[in-house]
Amino acid sequence: MQEILLQTTWQEWLGVAFSMIQVLLAHDNNPLNYLFGIIGVSLTLYVMQASGLYAECGLNVYYLVMSIFGWLNWLRKQQSSYLAISKSNRRDWSITAAIVIGSFTLSVLILHYFTDSQVPVFDAAVSAFAWAGMWLMAKRKLENWILLNISNLLAIPLMVYKELYLYAFLSVFLFIVAVFGYRNWRRIMQKGHDTAGELI
């Protein structure tokens, strides 16, 4: 165990730490999660590229862009264009399914034919469900937590296989937080009182 900890890079330590803070802030519906997300994702992007998890790299580029966009949008408008939490409808689920199937298929083909990835199917599956979950989160749909947790479950063995043990721990942590995030968002939605932006 000590050897594993000693071999862990500082980028991995800090990437996990900032990612943990980010998801706790997202759980509490706090827009500051974007700022911590920008730092955490930047560090994670470096770690995933070095580990040959190319679909994860693409996913983290998306996370980075969305975090920057979300942060700037919140700074500029705060609640003027704020979207309340709601449940996904049939159209949302159709788009979600298309994102999962489309991004999985495209990722597998790219990873198989254009990279040296050792785990193209697993890497693509983790990313596909995360892509869909992030789309639902951007739409502030309650079920984003479900899609993100499917991604988290798949990520745990993938990170262990790639010997990224801190990120495996982070995936377990994210899974637990997402369970409570789902409950918290559902409570906010049922109360009809969504107060993001008033927390800081």
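Please give the calculated 222 nm ellipticity per residue for the chain, where each DSSP H segment of at least 4 residues contributes -39500 (n - 2.57) and the sum is spread over every residue; nearest 500 deg cm²/dmol?
-26500 deg cm²/dmol
How large is the dipole of the chain about the Cα centre if only Lys and Arg carry +1 and Asp and Glu carry -1, each at its Cβ, rounded to the nearest 20 debye? The partial results should precede the final answer.
Numbers: 13 positive and 11 negative charges, 207 e Å.
Using Cβ point charges on Lys, Arg, Asp and Glu, the chain gives about 1000 debye.
What percent does the relative contact order of the chain come to when contacts are Cα pairs within less than 8 Å and at least six residues apart?
Details: 253 pairs, mean separation 47.2, N = 200.
RCO, the chain: 24 percent.
Let me know the whole percent of all Cα-Cα pairs from the chain that are separated by more than 31 Å.
Numbers: 3268 of 19900 pairs.
Within the chain, distances greater than 31 Å cover 16 percent of Cα pairs.
Considering only lysines 8 or more places apart in sequence, or on different chains, count the pairs in the range 38-196 whose C-alpha atoms sit under 29 Å apart.
Lysine pairs meeting the criterion: 9.
Tell me the carbon and sulfur percent of the accessible area for the chain, rounded to whole percent, probe radius 1.4 Å.
Numbers: 7040 of 10670 Å².
Carbon and sulfur: 66 percent of the exposed surface of the chain.
Per residue, what accessible area does the chain have, given a 1.4 Å probe and all protein chains present, in Å²? Walk me through the numbers on the way to the answer.
Details: 10670 Å² over 200 residues.
Per-residue value: 53 Å².
The values are calculated or read from the model by the stated rules, or taken from the named source; none is laboratory data. Small disclaimer: the values here were computed from a predicted structure and weren't measured. Positions of Cβ are backbone-derived with ideal geometry, glycine not excepted, and every protein chain shown enters the neighbour counts. What goes into the accessible areas is simple: the full protein's heavy atoms, side chains included, and nothing from ligands, DNA or RNA. Shrake-Rupley method; radii C 1.70, N 1.55, O 1.52, S 1.80 Å.
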